[in-house]
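Let me begin by presenting the structure, written as structure tokens, before commenting on it.
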Amino acid sequence: MRAFIVVNKINDVFFQDCDTEFTDHINKQAVEQGLLETGSYDEKILDSSIVMQLFSPLFMSQWFLIEQRKNPCTSIACENGFLFVFKQFEELLIVAISKEESDTEQFLSKKIGVFIRVVEFLYGPVTNEMGYSIFCRRTDRWQFLQNLLKTWELLRKEEHSFLVEAIERLHVNQLVNEKCMEILEYAMSRLQNAGEKNTHHALLVVNSKLLSLYSNRSAPSLAEADVLCTILLARLLFPTNEKLEDLFSYRKPDESGSFEDMKSPASITVTPPIERYESAVEGDDSMEEENYLSATDMPNAKIKMADNPYPAVSEHVTEEEIDLDTTNQKVLNVMGEGFQTPDSSSPVTDMHKVIQDNTGRLTPIGRSRSRTFDGMVGGRVTPGPGRARSHSLNVHQHPRRDSPVSPTPIQEPVQPVSPVIRSSPNHIRQIAFLSTQMCNFYPYQLDFVQIFPGMVIILFSEIPRANHASSLCQLLRLLTDLLSGQKSQVQRVQGHVLYDLINTLLSKLASAMKKAKGNIERIMEDIRKRWDNADFKSSLLAYLEQGAGTEIPPGAERSLTGLHKKVKELFLHLYLFPYEISPSVSQAMTSVCEKAKVKLFDYKDYLSVKSQRNIVMTSYLDAYPGLVHFIYIDRRTNQLTAPSLNITEEGQNHDATQFLKDKIWKITSWMHGKLADGVTMATAREGDYHFSYFIWFTDYQGAPVQIQQTYQQGDVSMPPGLLSGQFYSTLKRHCFPNSLPGSINCYELIMMHVGLVNVQYIVSHRQKLAKQLFEASGDTQMNLVL
């Protein structure tokens with residue numbers, strides 16, 4: 001029995017996600033209290049007004065503790081088994097409710113943190129868009145967020161990368177790396193020629209693992225948390241339930257009971273349609289979709305496909321079904337034979353529409369370079385032996401060399417639609433906000449192109465007028481501080497200086513929006529009138545000149561609140577108003593998909609196997625006797641190394657590997673709980689196994705350093721990870737207050753041994769294994785001393 005509720009200060013429900021058991025329980029409570037009549041409601045639907053009435057005392061008490069006592073509750077454990085976890089997020093209160101024994105306070109806090117990160121990734125600072133949507137129906141927004149949370153929970157149960165929140169790279173040979181880099185470079189050039197001149201990054205993801213990364217020379221750094229959010233979104237938009245057992249099912253019994261030999265997928269020869277691909281490059285739109293044979297398409301393969309475990313979209317909506325209120329939609333199975341297609345009741349069916357436009361621009365391709373991980377080729381592809389050194393995702397970029405472009409008139413799209421737009425079965429566009437050095441919410445449009453099931457290319461392009469996002473975010477932060485009574489800038493500058501800063505930001509925006517039309521012009525005029533009001537100016541200056549702790553006058557507060565809402569509305573119309581996909585972009589993405597299919601056709605089964613068997617434990621058994629499993633995380637680049645777990649689908653309830661996996665997941669969560677309490681080294685014995693956890697720090701030369709200042713529970717308020725906050729950056733700042741930013745590196749290692757292994761051997765394995773993995777990452781210096 002679970003629920004997830006978001007409300008504001010007046011108890012309006014901004015978001016809710018409740019399972020059927022909780023919905024039935026609350027409806028029964030409403031009937032007992034006379035709020036509902038028996039038989040007058042849908043048992044599967046929970047009315048938001050019922051939630052508001054039943055939980056209003058609890059929510060109001062929490063708001064009182066937040067605003068008046070400054071000491072809110074973090075969690076409440078009830079006698080009947082319910083657990084409530086609270087978190088304030090700006091002007092919203094997030095409440096996670098669970099009656100499941102497996103859901104601990106730590107897990108619910110993590111879920112709240114991930115939800116906040118996902119909301120910021122999708123909506124930037126305009127978080128109220130999830131509750132009051134003006135571009136699509138609120139139910140569509142809610143269902144999309146609900147499915148995104150469910151996808152995260154499933155990935156957290158299955159993937160190391162989402163368990164410890166780090167990026168897992170795919171280890172493949174040099175030839176495949178070169179082909180992947182060619183594909184990504186081609187994809188970026190095609191999208192730039194189609195009019196998206198500010199395309200900065202291109203990723204190639206296989207299932208939940210990163211295979212290749214290519215970036216322009218002038219591109220800002222790409223944060224690891226944004227990469228994880230992008231992978232999460234890709235798994236939602238293009239799900240896959242392909243299992244390794246499907247690829248290895250080569251024999252089946254015939255009618256007489258004997259076994260019939262079947263060929264391996266690698267031995268099946270199918271000639272790729274080169275001629276059709278060449279016509280696609282030349283711009284021929286008349287060609288049909290090519291059906292490639294895969295393990296799941298083999299007519300003689302013994303395949304047992306389960307229901308799709310990831311709630312996502314795999315349907316294609318035709319042009320005749322653009323109306324947002326359409327309920328009966330045609331669904332096409334675009335995943336190929338052997339894959340389940342969600343029915344028309346999919347929560348995000350209405351969010352993918354085919355929109356076409358006649359606009360298109362041509363822009364010269366700028367200089368570019370590639371950034372890859374260990375074993376990936378950088379720069380232009382040149383075949384040959386060798387191994388590329390790994391690079392961090394956060395790499396300092398060269399300054400932008402693009403020539404200035406004169407501003408163009410700002411016009412809004414004719415018809416508002418959903419931010420998620422599907423132009424073809426294999427191409428989806430989604431707006432997202434990335435964290436960069438220039439701005440915490442820098443707007444990008446993400447183009448997802450599915451090559452094969454589980455293999456997706458993601459292209460990152462700047463939204464038009466994205467350079468104004470930094471000023472808007474800075475302005476919103478200043479107004480938020482003033483409304484919250486913090487006046488954080490007043491302690492460093494005088495009130496007139498702060499007023500001038502806000503005035504300068506507004507003047508800069510007004511100058512940039514001179515040619516704006518429609519709603520943007522109206523919003524800017526309203527902002528100018530509110531700011532130029534003489535009474536508001538005098539009352540605001542009088543408040544700013546007061547010392548810290550002074551309450552804001554009611555009149556000034558009302559005016560600031562209205563101004564704050566208008567600035568958010570401007571951000572909303574600039575960056576969240578969805579734009580149509582031009583035919584040139586749609587054609588370019590089709591060409592990219594076709595070329596990638598040709599280039600990777602011979603390797604798709606190999607990559608599918610590698611994504612599920614990336615690293616095997618057998619290669620470590622001889623050097624580390626007694627070692628069962630390990631997870632190594634380099635927190636400099638937030639990349640992990642961990643052996644794959646071989647779990648068969650048919651015997652999950654009795655599979656020994658599934659038993660080990662459950663223990664590893666459980667003990668990892670326990671270890672991270674100890675880390676949040678201030679423990680940097682821990683060992684635990686459970687059953688026949690011995691678990692150990694180590695976290696240590698080094699300087700820029702790889703020499704170990706001692707912690708300067710110990711930390712305790714509560715010093716770092718966020719749980720360990722990337723999605724719920726920068727835990728490790730905060731940890732390093734707290735433990736090394738006198739060090740320069742970026743001069744301290746952090747590493748984690750979790751090991752699982754059989755219970756007979758002595759502790760001294762565990763410590764020895766830790767030293768040897770950490771050094772081996774560190775050197776394998778491409779670095780040559782490490783002096784690991786305990």
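The values are calculated or read from the model by the stated rules, or taken from the named source; none is laboratory data. Model, not experiment: these values are computed from the prediction. Methodologically, a virtual Cβ is constructed for each residue, glycine included, from the backbone with ideal geometry; neighbour enumeration extends over all protein chains shown. The protein model used for the area step is the full one, side chains on, heavy atoms only, and it has no ligands, DNA or RNA in it. Shrake-Rupley method; radii C 1.70, N 1.55, O 1.52, S 1.80 Å.
So which lysines can residue 44 reach, going by Cα to Cα under 28 Å and dropping same-chain residues fewer than 8 places off?
Filter leaves 9, 28, 87, 99, 110, 111, 150, 157, 330, 353.
Under 26 Å between alpha carbons: how many lysine pairs meet that in the range 564-673, if sequence neighbours fewer than 8 apart on the same chain are excluded?
Working: 595/604; 595/610; 597/610; 599/610; 610/661; 610/663; 610/666.
For the range 564-673, qualifying lysine pairs total 7.
In debye, nearest 20: dipole of the range 7-152 around its Cα centre with unit charges on the Cβ of K, R (+) and D, E (-)? Spell out each step's value before the answer.
Values: 14 positive and 21 negative charges, 109 e Å.
The dipole of the range 7-152 has a size of about 520 debye.
For the range 475-484, in order, what is each residue's ³J(HN,Hα) by Karplus, 6.51 cos²θ - 1.76 cosθ + 1.60 with θ = phi - 60°, in whole Hz (x at glycine and Pro)?
Whole-Hz 3J(HN,Hα) from phi for the range 475-484: 5, 5, 5, 5, 5, 5, 4, 5, 5, 7.
Rounded, prolate or oblate: pick one for the range 60-127, where a ≥ b ≥ c are the square roots of the eigenvalues of its C-alpha gyration tensor, a/c under 1.5 means rounded, and failing that, prolate if a/b is larger than b/c, else oblate. Can you show the working numbers first?
Values: a/c = 2.84, a/b = 1.20, b/c = 2.36.
Note, shape of the range 60-127 comes out oblate.
Return one whole number: the accessible area per residue of the range 550-643 in Å², for a 1.4 Å probe. Present the calculation step by step, with values, prior to reporting the outcome.
On the way: 3080 Å² over 94 residues.
Ligands and nucleic acids excluded, the figure is 33 Å² per residue.
Cα atoms only, the range 1-90: Rg and Dmax in Å?
13.8, 43
Report the equivalent ellipsoid semi-axes for the range 443-584 in whole Å, largest first, defined as the square roots of five times the eigenvalues of the gyration tensor built from alpha carbon atoms. Numbers along the way, then the final one.
On the way: eigenvalues 267, 63, 29 Å².
Rounded to whole Å, the semi-axes are 37, 18, 12.
Roughly how many whole Å is it from the C-alpha centroid of the range 706-751 to that of the range 41-62?
So the two Cα centres are separated by 39 Å.
Once phi is turned into θ = phi - 60°, what whole-Hz ³J(HN,Hα) does the Karplus curve with 6.51, -1.76 and 1.60 give for every residue of the range 431-438, x standing for Gly and Pro?
Using θ = phi - 60°, the values come out as 7, 8, 10, 9, 8, 10, 5, 7 Hz.
Leaving out ligands and nucleic acids, and using a 1.4 Å probe, what accessible area per residue does the range 674-782 come to in Å²?
Ligands and nucleic acids excluded, the figure is 49 Å² per residue.
Using modelled amide H (1.01 Å from N, peptide plane; none on Pro or chain starts), what sits under 5 Å from the amide H of residue 217, excluding residues fewer than 5 places away?
Here the answer is 368, 369, since their amide H atoms fall under 5 Å of that of residue 217.
Find how many whole Å separate the alpha carbon centroid of the range 64-129 from the alpha carbon centroid of the range 519-559.
32 Å
Once amide H atoms are built 1.01 Å from N in the peptide plane, which residues 5 or more positions from residue 628, or in another chain, come under 5 Å H to H?
Counting only residues 5 or more places away or on other chains, the set is 752, 753, 754.
If you take the square roots of the eigenvalues of the alpha-carbon gyration tensor of the range 173-237 and sort them as a ≥ b ≥ c, do you get rounded (a/c under 1.5), prolate (a/b over b/c) or oblate?
Working: a/c = 1.61, a/b = 1.14, b/c = 1.41.
Because a/c hits 1.5 or more and a/b fails to exceed b/c, the range 173-237 counts as oblate.
Measure off, as a whole percent, the carbon and sulfur share of the 1.4 Å-probe accessible area of the range 457-586, all protein chains present. Walk me through the numbers before you get to the answer.
Working: 2920 of 5970 Å².
Answer for the range 457-586 is 49 percent, counting heavy atoms of protein chains only.
Find, among the trypsin sites (Lys or Arg not before Pro) in the range 548-620, those assigned to loop by DSSP (not H, G, I, E, B) with at most 14 other beta-carbon atoms within 10 angstrom. Let's see the in-between values first.
Numbers: sites: 558, 565, 566, 568, 595, 597, 599, 604, 610, 613; in loops: 613.
Counting only loop positions with at most 14 other Cβ atoms within 10 Å, the trypsin sites (Lys or Arg not before Pro) in the range 548-620 are 613.
How much length is gained if the chain between residue 21 and residue 685 is pulled fully straight, taking 0.36 nm per residue apart and subtracting their Cα-Cα distance, in nm to one decimal?
Once the chain is fully extended between residue 21 and residue 685, it gains 235.4 nm.
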